[in-house]
Amino acid sequence: MRQTLIRVLRRAARPLGIALTVAVAFYHAWLGLYSPPMMERLEALLYDLRFRVTLDPPPVAQKIVIVDIDERSLAAEGRWPWSRARMGDLLETLYGQGVAIVGFDVTFSEPERNPVDAVLADPAIAARAGGLLRAERTRFDADRQFAEDVARGATVLGFFLHNDGGYIGELPQPLVTLPPEDADYWIVPQTLGFAGNQPVIQQAAAGAGSLTTEPDVDGVVRRSPMIYRVGDSLYPALSLEVARLFLGAEQVTLETALQGDTVVLTAVGLDGHLIPVDARGRAVVPYRGYSHSFPYVSATDVLQGKADRALLDGAIVLVGTSALGLKDLRSTPLETGYPGVEVHANLLDAIIGSGAQERFWYRPDYEVGATVLVILALGIAIVLVQPRLGAGGQILFSVLSIAFVVGSNYALWVFAKLDFPLAPPLAIVLLLNGFYLVLGFLEETQRRAQIHSMFGQYVAPAHIDRLLDTPDQVTFEGESKEMTVLFSDVRSFTTISEKLTAQGLKQLLNRYFTPITKIIFDNQGTIDKYVGDMVMAFWGAPLDDPQHAEHAVDAALEMLRKVDELKEEFGAEGLPRIDVGVGVNTGPMNVGDMGSSYRRAYTVLGDAVNLGSRLEGATKQYGLRLLVGEATAAQLPNHVLRLIDRLQVKGKTEPVQVFEPLCRKEQASTELLARVERWHAAQQAYFGQRWDDAERELAKLLVDEPGCKLYLIFLERVKAMRANPPAAGWDGVYVLNEK
């Protein structure tokens, strides 16, 4: 079931990847600014991280001071709201200190009650002195007196816009009143109500701007409107209006663009100071840093004449509050509990600074189309490349693609001041790379399990570990390569089996196969199969082995030594004394997972394999225990070999030279080397048809090794050849008609 699922996923990997890419691109193209909370939250987190990492504010453009109605001011001057007289004293003192402009992050929407009205509420007093008191009422009108203080200088008031309906106070003159026939095509959000200032105060002010901010869905203020809409009228933000008065600009210019039938804002201008905004009229707040990035002066210090005149002289002053109880604290990308008045200060500083456009990040009107193209390009690249890579390549490609998306977005943010969204392209990169990594992991897990299942019974555990470390080198498909095969068979097995019970035979074979298998594993061999008493093994697969012939022969020699030990053990226990014959051959073979749909096995096939089997059978004819083919002998420079015969085995038309490996050269004694040399001399005489010389050398060898079947065979051949000389062109090949 799992394998089927993986195969289905692999076949569907590219179509699924393309479908996912198109879905994300389509989603961004159609939803754009109206992303659901999850995606907007992810984008917000990435925005905040990017903002913190790149925070590097330029020098302050102009002296901006915040007069703070803080906890100390409330303790000293009384609870909020303060009287108009107290606020008038604050204004009078500020202008007396040489302040250039005062902007209020405070709204005076409710009238202050005239004390004359409170006195006249008593009928007795009203009857006796009502006329006199009414004549003096204006002298005690706090709103009118405060309006006179407001008019002393360039004072900018604040007002709030909301969607709860209802109107309080009065708004200033709008920047623009849209013609009714055009108003429906503007997408600057409308508000349904406002809380303005008392008319007498508003009319005395040099200007007014909105204090309303628009936090994102997580409550963080990252962007703030520069332009607000009430009905068909457009109004400025407090920071924009203060900047207009400071720069002496007669009016605010609005740059727009058409998107279909919709009019969208692209920038707000003040005498060459251009503020990039999005379609909703919002500018990115270019925070200089954490709170108190601007100088703060406690309002009570101003009222009591303790403020530094040098700090206030020529400054733009924003009057606001950091007191917890007045609830004008905001969450920003840098911190929570950030005074709302300082949000306006950051915007104001950026607007009036030189190169204002370079201070504001912005999201251009073509952003949606550009982001869609980026998503499509990234998705197609991943779909085309990832399935072709291995596990390591997939991880590297994933890291590089993530680094590319994040790095390019970072570069646009830092060097071009472009606020392109990072979440959509990063989402497609993470989703697709994650999908292909998981699929690759599942395939790798399946492949490792397949390798372990397939080769666990054939090779040593250490060899399995090597296979698992390099699974790309393993193929279950058939392949042709040069390898070495070994066949080992127990002599007279039928006779042995007749002497033992089934249980006894099983135990004997287990005691034989266990050490033999270990020897093959220790010499990097692969077990092909056990057939009765026969063992078949090969070298050079599933992993390449450049020394496959040498390792196979080393295993064969060690097997013979182990059989000698077992022979003595079995004899001492009254069990049959076993012996074996081993054939080893090297050549091209087909190796792979072969068989039927019912049963399969990892095995080798080919003429070289068949010859190895014939060589094992030929050991009986010569009375030897180990024979190797000439291709194997050619790859044994470190072994002592003796040429046994030029042999044409059954089923073959081409003769081969067969050799007997005796030991490794460093293990050979002088006596052994001398005997091998004498044997080769006898063989040369035999192949040269010098029968007398061959007979004499063979007789000497029999003295040292009485009864040696090999020597006796060749003595019989010499006698036969002497009696019936071979035909001309005889090459010494002996045809073996038995398997």
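The values are calculated or read from the model by the stated rules, or taken from the named source; none is laboratory data. Worth saying up front: this structure is predicted, and the values here are computed from it rather than measured. Positions of Cβ are generated from backbone atoms using ideal geometry, with glycine treated the same way; all protein chains shown enter the neighbour counts.
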Open item on the list: Given the options D149, D143, D182, name the one that is farther than 30 Å from T93 by Cα, touching a residue at least 40 places away in the same chain (Cβ under 8 Å) and either among the hydroxyl-bearing types (S, T, Y) or outside any loop (DSSP other than H, G, I, E, B) (or both).
Closed with: D182
Open item on the list: Residues that are in a helix (DSSP H, G or I), within 25 Å of D645 (Cα to Cα), touching a strand residue (DSSP E or B) at 6+ places or on another chain (Cβ under 9 Å) and in the same structural domain as T484 (by TED's automatic domain parsing): does the range 591-607 have at least one?
Closed with: yes
TODO: Tell me, please, whether a residue that is crowded, with 23+ Cβ neighbours inside 10 Å, in contact with a helix residue (DSSP H, G or I) (Cβ under 7 Å, 6 or more places away or on another chain) and either touching a residue at least 12 places away in the same chain (Cβ under 8 Å) or more than 22 Å from L46 (Cα to Cα) (or both) can be found in the range 385-398.
DONE: yes
Open item on the list: Going residue by residue through the range 386-408, is there one that turns out to be assigned to a loop (DSSP other than H, G, I, E, B) and either within 27 Å of W361 (Cβ to Cβ) or at pLDDT 90 or above (or both)?
Closed with: no
Open item on the list: Just the residues that are in a loop (DSSP other than H, G, I, E, B), of a type outside the set (D, E) and buried (at least 16 other Cβ atoms within 10 Å of the Cβ), please, taken from the range 409-419.
Closed with: K417
- [ ] Examine the range 319-338 for a residue that is surrounded by 20 or more Cβ atoms within 10 Å (Cβ to Cβ), touching a Gly at 6+ places or on another chain (Cβ under 8 Å) and at pLDDT 95 or above, and state whether such a residue exists.
- [x] yes
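Determine whether the range 144-152 contains at least one residue that is in contact with a Phe, Trp or Tyr (Cβ under 6 Å, 6 or more places away or on another chain), crowded, with 16+ Cβ neighbours inside 10 Å and closer than 19 Å to G320 by Cα.
Looking through the range 144-152, none of the residues is in contact with a Phe, Trp or Tyr (Cβ under 6 Å, 6 or more places away or on another chain), crowded, with 16+ Cβ neighbours inside 10 Å and closer than 19 Å to G320 by Cα.
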Task: Flag for P661 being free of Cβ contacts under 8 Å to residues at least 12 places away in the same chain and closer than 20 Å to R625 by Cα - done: no
TODO: Just need a number here: residues in the range 674-701 that are without any contact (Cβ under 8 Å) to a residue 12 or more places away in the chain and among the aliphatic types (A, V, I, L, M).
DONE: 1
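Between V317, V242, V263, V297, which is assigned to a strand (DSSP E or B), closer than 23 Å to P58 by Cβ and in contact (Cβ under 8 Å) with a residue 40 or more places away in the chain? Write out each step before concluding.
On the way: V242 fails: assigned to a strand (DSSP E or B); V263 fails: closer than 23 Å to P58 by Cβ; V297 fails: closer than 23 Å to P58 by Cβ.
Answer to the check: V317.
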- [ ] For the range 207-226, name all the residues that are of a type in the set (A, V, I, L, M, F, W, C) and surrounded by fewer than 24 Cβ atoms within 10 Å (Cβ to Cβ).
- [x] V217, V220, V221
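Matching residues to (1) charged (D, E, K, R); (2) over 60 Å from the mean Cα position of the chain (by Cα); (3) in a helix (DSSP H, G or I); (4) not assigned by TED's automatic domain parsing to the domain that holds G583:
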site: Q683; (1), (2), (3), (4): no, yes, yes, yes
site: R696; (1), (2), (3), (4): yes, yes, yes, yes
site: A699; (1), (2), (3), (4): no, yes, yes, yes
site: Y711; (1), (2), (3), (4): no, yes, yes, yes
site: M721; (1), (2), (3), (4): no, yes, yes, yes
site: P725; (1), (2), (3), (4): no, yes, no, yes
site: N737; (1), (2), (3), (4): no, yes, no, yes
Task: Of the criteria (1) in a helix (DSSP H, G or I); (2) at pLDDT below 90; (3) acidic (D, E), which one E569 fails - done: (2)
Task: Subset tally (residues that are more than 60 Å from the chain's Cα centre (by Cα), of a type in the set (A, V, I, L, M, F, W, C) and surrounded by 11 or more Cβ atoms within 10 Å (Cβ to Cβ)) for the range 555-576 - done: 2
Open item on the list: Every residue in the range 608-650 that is surrounded by 22 or more Cβ atoms within 10 Å (Cβ to Cβ) and either among the acidic types (D, E) or at positive phi (or both), please.
Closed with: E616, D645
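Regarding the range 572-581, can at least one residue be identified that is assigned by TED's automatic domain parsing to the domain that holds T632 and assigned to a helix (DSSP H, G or I)?
For the range 572-581, residues assigned by TED's automatic domain parsing to the domain that holds T632 and assigned to a helix (DSSP H, G or I): present.
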